[in-house]
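S.K.: If you scroll down you'll find the structure; I have some questions about it.
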Amino acid sequence: MEKKSKIILLSLIILSIIISVISNFYFQRNSFLSNDNEQHFYEMKTAHDNKQIPHTGARLVTSGLLVDDIARVPGAGFYSKFLLLFNLGGENYYTARIIDVSLYLLVLFIFLIWIYIRFGIVSAAIMTSFMAVNCIIFEVTTSFTNPNPVVMFSFLFCMFFVEYLRDEKYSKVFAALLFPVLAIMGQFHFAVYYGIVPTLLVYLIIKRDYSKKYFKYLALGVFISFLLYLPYLIAEIQNGFNNSLKMINLSKGYTVPFYKRFPQIYAQIIFPTFTLNKFDVKTALTYWGIFSPIVIITIIISHVIVIASFVYSIMFLCKKDLFKGQRFKNDALLKEVLFFYFLYIPVAILCPMILNGKGGGYVYHFSMFALSFFTILLFTNYLYYEKTKLFNLLIIFMFIHIFAVPWHYYKQNDYFL
């Protein structure tokens, strides 16, 4: 790569990081407190005052603040995190949120460094600029609702999964970490068990020859996952499986036809854009409170990019080799990652149907957030190696992309005054 190109890509990375950090901290002042936020804070504060750590997480359905006869997410992960941040923040909710967003940004920074090391500066530049103004990231860093930590752990799972696939010295360590990470994610939002967990199980069965090589480490990971749920299991045995029975009754109560609660699986495709991943044009355009033409154009182009990336990834997975010149060194690895990505789609549709679970909205697929960027990673490297002019246009667009929304948002809220 030419020195000039490296400077441009590094400039894009640095600007994206600066804008992302400023935006994530700035948006803290405008965070929206929902009914879920109120419930979570009330239950966390109650546990804090009673010096207890709940063995269950958030309620599986929204209810009145003082209504307690509701099935809850198994495991203490969510409230343990909330209590820890609250105590670290000097029992101040706002300070706890600042610590939380700092933790998110640290994980994201580690993930992007890892992308740079494993996939090169082109991949790092494009992924950093897409994430800099991503609505999902802004949403999860400004709210303490229970699905949001799943996004942070999706970055960890993505790194561990890819390192496991690399079949190198430390792959056995990452094999042992796969299921524990998913177990922690499941303690934040139960939808993990209708999507990414069964997808991993199906993947390991399909790739059983490779799985056998790491079987004892995968089994160790399952055992560690069991230990993470052991406090919940002990509490359930003591109270006659009270919460588990409530969960079963709740599942039986889903009488809405499945086609009316079909999983919003399309969210996995458009996670990298900076709309809020709802098929609602008004919601997408008013998330930022603006109808600026440049923002609308940027939203449209970003969707064109992610859809083109999705289509190209299908072609790539079907062995239609479009790389004619210099090779992208991670072809074989990306095929495995993308196979898992596409495998998730039918599994996440069939599991709620078979298990009579709730199909759920886009937040139910947060576990795939990090992996959703890999279609773009592949496509942009294809453009870099094979379609130089288009790649140059993409870089120009990414500079516009990272400035378009923040500029108008800050201007609208008198940020520069």
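S.K.: Given the pairs Lys169/Lys319; Lys6/Lys389; Lys6/Lys335; Lys6/Lys169; Lys51/Lys81, which span a C-alpha to C-alpha distance of over 20 angstrom in this model?
M.R.: Distance filter (> 20 Å) returns Lys169/Lys319; Lys6/Lys335; Lys6/Lys169.
S.K.: Just to confirm, what accessible area per residue do you get for the range 27-178 at 1.4 Å probe, in whole Å²?
M.R.: With the other protein chains kept in place, the range 27-178 gives 39 Å² per residue.
S.K.: Need the full-extension length gain, Lys212 to Phe339, defined as separation in residues times 0.36 nm minus the C-alpha distance. One decimal, nm.
M.R.: 43.8 nm
S.K.: Packing-wise, with mean Cβ within 10 Å as the measure, how do 294-307, 179-192 rank, highest first?
M.R.: So the order, starting with the most tightly packed, is 179-192, 294-307.
S.K.: Could you look at the range 54-179 and say what percent of its accessible area is carbon and sulfur, using a 1.4 Å probe and all protein chains?
M.R.: The computed percentage sits at 66.
S.K.: Continuing with the same structure: His303 to Tyr170: extension gain in nm, 0.36 nm per residue of separation minus the Cα-Cα distance?
M.R.: 44.2 nm is the gain from fully extending His303 to Tyr170.
S.K.: Among the GluC sites (Glu not before Pro) in the range 42-141, which ones are in a DSSP loop with at most 12 other Cβ atoms within 10 Å of the Cβ? Mind listing them?
M.R.: Loop-located and lightly packed - Glu91.
S.K.: Pop out the carbon and sulfur fraction of the accessible area of the range 197-250 as a percent, whole number, probe 1.4 Å.
M.R.: 74
S.K.: Please give the peptides 374-383, 154-163 ranked by average Cβ packing (other Cβ atoms within 10 Å per residue), highest first, as a rough proxy for protection.
M.R.: Numbers: 374-383: 23.5, 154-163: 21.9.
Result, highest mean Cβ count within 10 Å first: 374-383, 154-163.
The values are calculated or read from the model by the stated rules, or taken from the named source; none is laboratory data. Predicted model only: the values in this text are computed from it and were never measured. Methodologically, a virtual Cβ is constructed for each residue, glycine included, from the backbone with ideal geometry; neighbour enumeration extends over all protein chains shown. These area figures cover heavy atoms from the full protein model, side chains too; ligands, DNA and RNA do not enter into them. Shrake-Rupley method; radii C 1.70, N 1.55, O 1.52, S 1.80 Å.
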